[in-house]
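Read the figures in this text as sums done on the coordinates, not as results from a lab. Bear in mind that the values here come from a model prediction, so they are computed numbers and not experimental data. Heads up, the Cβs are rebuilt from the backbone with ideal geometry, glycines too, and the neighbour counts pull from every protein chain shown.
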Amino acid sequence: MATTATRMQQNKALTKADKILLETFEAHGGEKYHTAHYGFVFRNKKYTFQNNHSAYTYTVSYEKDGKKNLNQLSNDGLVRTVDGVKAELSEKLYNGYLSALNSVIYFATLPHKLYDPAVNKFYRGETVIKGKKYDILKITFNEEGGGPDHDDEYYYWINQETRRIDYLAYNYMVNNGGVRFRSAYNPRVVDGILFQDYINYKADVGTPLTDLPALFEQGALKQLSVIETEDIVNLK
């Protein structure tokens, strides 16, 4: 079965956004993502992701109040167990656990999920950040297949030399909305796949994402948190 990247390569009508994303995909791990199986620690919780082309399984496990919690997300949906017993979840809790787990894996494995069918890609020109040249990609999502956060908008700044994602930004609508900007650091390749950590910054609601690199260089963004992926291990 041809992978998404292979099909894109075979398509003679690639847009500039497609070509840049394909190069970025290759720079971060390429085809290895399609059968990747890794574990890592994020904020004292243990995560795993296992891909089998279009099939996937994500997990997060942790202890709370002396009980072992496990959330598992796959193509069939999310299942939560506490001390090995399946938990019955309200729609709100179900969506909350699903979104939280999916979000962590999404960012940890960028740009792999940018090949999902619900993703729309647009080229938005070039810019310079801290003396380096970048191509800009805008990402939006279709309502169908785009999940509960399909209204979110993302920008990615792709280093023209390395084709790695050095910066990204997004706005979101839930909880009265927000604007975030992330700067990548500590890149390391683990068995062929690139993992990066990020410094997470905040901007005022309504700030255009295109303005964020300049505000970042001016020191005008407020640092909120550090996104650190630790103890990465290949489980294959």
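Distance in nm between label sites at GLU26 and ALA13, each 7 Å beyond Cα in the beta-carbon direction?
2.3
Please determine, in degrees from 0 to 90 and to the nearest 10, the orientation of helix 91-108 with respect to the longest principal axis defined by the Cα atoms of the chain, where the helix direction is its Cα long axis.
50
Full-extension gain between GLU153 and ALA118, please, as 0.36 nm times their residue separation minus the C-alpha to C-alpha distance.
Using 0.36 nm per residue and subtracting the Cα-Cα distance, I get 11.3 nm.
Below 8 Å between Cα atoms, with a sequence gap of 6+, how large is the relative contact order for segment 78-147 in percent? Display every interim value, and only then the final one.
Working: 53 pairs, mean separation 14.9, N = 70.
Taking the mean separation of contacting Cα pairs over the length of segment 78-147, I get 21 percent.
Express the relative contact order of the chain as a whole percentage, based on alpha carbon pairs under 8 Å and six or more residues apart in sequence. Present the calculation step by step, with values, prior to reporting the outcome.
Working: 430 pairs, mean separation 39.6, N = 236.
It rounds to 17 percent for the chain.
Just grab the label-to-label distance for LEU235 and ASN176, each label 7 Å out from Cα along the Cβ direction, in nm (one decimal).
3.8
Distance in nm between label sites at LYS86 and LEU70, each 7 Å beyond Cα in the beta-carbon direction?
Each label point lies 7 Å from its Cα, and together they span 1.4 nm.
Taking 0.36 nm per intervening residue step and subtracting the Cα-Cα distance, what contour gain separates HIS37 from ASN52 on full extension?
Working: separation 15, 0.36 × 15 = 5.40 nm, distance 0.89 nm.
Stretched out fully, the HIS37 to ASN52 stretch lengthens by 4.5 nm.
Over segment 84-130, what number does the Rg to Rh ratio reach, with both radii from the alpha-carbon atoms and Rh per Kirkwood?
So for segment 84-130, dividing Rg by the Kirkwood Rh gives 1.20.
Can you grab the distance from the C-alpha centre of segment 86-144 to the C-alpha centre of segment 47-78, Å, no decimals?
18
Where does the chain land on the Kirkwood hydrodynamic radius, alpha-carbon pairs, in angstrom?
18.9
Provide the per-residue ³J(HN,Hα) series for segment 64-72, in order, calculated from phi with Karplus coefficients 6.51, -1.76, 1.60 and θ = phi - 60°, each as a whole number of Hz, with x at glycine and proline positions.
Residue by residue, segment 64-72 yields 8, 6, x, 10, 8, 9, 9, 10, 10 Hz.
How would you classify segment 107-236 from its alpha-carbon gyration tensor, with a ≥ b ≥ c the square roots of the eigenvalues: rounded for a/c under 1.5, else prolate if a/b is greater than b/c, otherwise oblate?
It is rounded, given that a/c, with a ≥ b ≥ c, falls under 1.5.
Calculate the FRET efficiency for GLN223 and LYS138 from the Cβ-Cβ distance with a Förster distance of 22 Å, rounded to the nearest 0.05.
About 0.35, to the nearest 0.05.
Which ³J(HN,Hα) values, rounded to whole Hz and listed in residue order, are derived for segment 200-216 from phi using the Karplus coefficients 6.51, -1.76 and 1.60 in 6.51 cos²θ - 1.76 cosθ + 1.60 with θ = phi - 60°, glycine and proline given as x?
Taking θ as phi minus 60°, the curve returns 9, 10, 10, 10, 4, 4, x, 5, x, 4, 5, 7, 5, x, 5, 5, 4 Hz for segment 200-216.
In a Gaussian network model over the chain where Cα atoms closer than 10 Å are linked, find which of TYR56, TYR167, TYR134 has the largest mean-square fluctuation.
In this elastic network of the chain, the residue with the biggest mean-square fluctuation among TYR56, TYR167, TYR134 is TYR56.
Just the Kirkwood number for segment 37-108, please: inverse of mean 1/r across all distinct Cα pairs, in Å, one decimal.
It is 12.6 Å.
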